[in-house]
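Visitor: To start, I am sharing the structure in question, which I have written as structure tokens.
The values are calculated or read from the model by the stated rules, or taken from the named source; none is laboratory data. From a predicted model like this one, the values you see are computed outputs, not experimental measurements. Cβ: placed from backbone, ideal geometry, glycine included. Neighbour counts: every protein chain shown.
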């Protein structure tokens, strides 16, 4: 599947929600039905990222979103809030392309790294990001913004499964 990365359009927000729902379904096979059933960000939240220029889609040959990534500056990095790939586009480098695009955006903003939070033991989460150059941060080393994000995740019940914060340098422009 050939894709290209571009900013999300206003009329694509419901498609992004559907991508996330489809991408979440495999969590059910890991005994994580709460994650599989978790609702994606509301259209207003997605539109906030879109209007800020930080909601990118990997669009297919017909220019339909197959995956998306939203991010925001947190501490001294561009924080990947969510990256979701529709199963029909999985295992084809689409997520990797979105992460690479976000790294380019971080460099353009003079931010030295990408950060994210993810499940430690889900194969397509922390182990995948480690292969992309992310390293797990020790809890004691978390800067204030990542501490806040982790506290919010804990309040939403995500700490039922081991979670980690990860960081990847983006290199010079």
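Visitor: Can you name the residue in the range 133-161 that is in a loop (DSSP other than H, G, I, E, B) and modelled with pLDDT of 95 or more and is also surrounded by the fewest Cβ atoms within 10 Å (Cβ to Cβ) among such residues?
Guide: Taking the range 133-161 first, the residues in a loop (DSSP other than H, G, I, E, B) are 133-134, 138, 142-143, 156-157, 161.
The next check asks that each one be modelled with pLDDT of 95 or more; those that pass are 133-134, 138, 142-143.
Values: 133: 15, 134: 23, 138: 8, 142: 18, 143: 15.
Among those that are in a loop (DSSP other than H, G, I, E, B) and modelled with pLDDT of 95 or more, it is 138.
Visitor: Among 62, 51, 107, which is the only one that is modelled with pLDDT under 95 and over 15 Å from the mean Cα position of the chain (by Cα)?
Guide: Values: 51 fails: modelled with pLDDT under 95; 107 fails: modelled with pLDDT under 95.
Among 62, 51, 107, only 62 is modelled with pLDDT under 95 and over 15 Å from the mean Cα position of the chain (by Cα).
Visitor: How many of the residues making up the range 1-17 are modelled with pLDDT of 95 or more and surrounded by 15 or more Cβ atoms within 10 Å (Cβ to Cβ)?
Guide: 7
Visitor: Do you know which of the residues in the range 115-131 that are out of contact with any helix residue (DSSP H, G or I) (no Cβ under 6 Å at 6 or more places or on another chain) and in a loop (DSSP other than H, G, I, E, B) is farthest from residue 89 (Cα to Cα)?
Guide: In this case the residue turns out to be 121.
Visitor: Now a separate question. Can you find a residue that is under 14 Å from the mean Cα position of the chain (by Cα) and either crowded, with 18+ Cβ neighbours inside 10 Å or at negative phi (or both) anywhere in the range 30-44? Give the steps one after another, and end with the answer.
Guide: Of all residues in the range 30-44, those under 14 Å from the mean Cα position of the chain (by Cα) come to 40-41.
Checking the rest, the ones that are also either crowded, with 18+ Cβ neighbours inside 10 Å or at negative phi (or both) come to 40-41.
Yes, there is a match, as at least one residue in the range 30-44 is under 14 Å from the mean Cα position of the chain (by Cα) and either crowded, with 18+ Cβ neighbours inside 10 Å or at negative phi (or both).
Visitor: Looking at the range 78-99, can you tell me whether even one residue there is surrounded by fewer than 18 Cβ atoms within 10 Å (Cβ to Cβ), more than 20 Å from residue 130 (Cβ to Cβ), in contact with a helix residue (DSSP H, G or I) (Cβ under 9 Å, 6 or more places away or on another chain) and without any contact (Cβ under 8 Å) to a residue 60 or more places away in the chain?
Guide: First, pick out the residues of the range 78-99 that are surrounded by fewer than 18 Cβ atoms within 10 Å (Cβ to Cβ): 87-88, 90-93, 96.
Retained after the next criterion (residues that are more than 20 Å from residue 130 (Cβ to Cβ)): 87-88.
Then drop every residue that is not in contact with a helix residue (DSSP H, G or I) (Cβ under 9 Å, 6 or more places away or on another chain), which leaves 87-88.
Of the ones still in play, those that are also without any contact (Cβ under 8 Å) to a residue 60 or more places away in the chain are none.
No, the range 78-99 contains no residue that is surrounded by fewer than 18 Cβ atoms within 10 Å (Cβ to Cβ), more than 20 Å from residue 130 (Cβ to Cβ), in contact with a helix residue (DSSP H, G or I) (Cβ under 9 Å, 6 or more places away or on another chain) and without any contact (Cβ under 8 Å) to a residue 60 or more places away in the chain.
Visitor: How about the range 40-77: which of its residues are touching a residue at least 60 places away in the same chain (Cβ under 8 Å) and either within 14 Å of residue 18 (Cα to Cα) or in contact with a strand residue (DSSP E or B) (Cβ under 6 Å, 6 or more places away or on another chain) (or both)?
Guide: As a first pass, look at the range 40-77 and keep what is touching a residue at least 60 places away in the same chain (Cβ under 8 Å): 61, 66-68, 74-77.
Within the range 40-77, 66, 67, 68, 77 meet the criteria.
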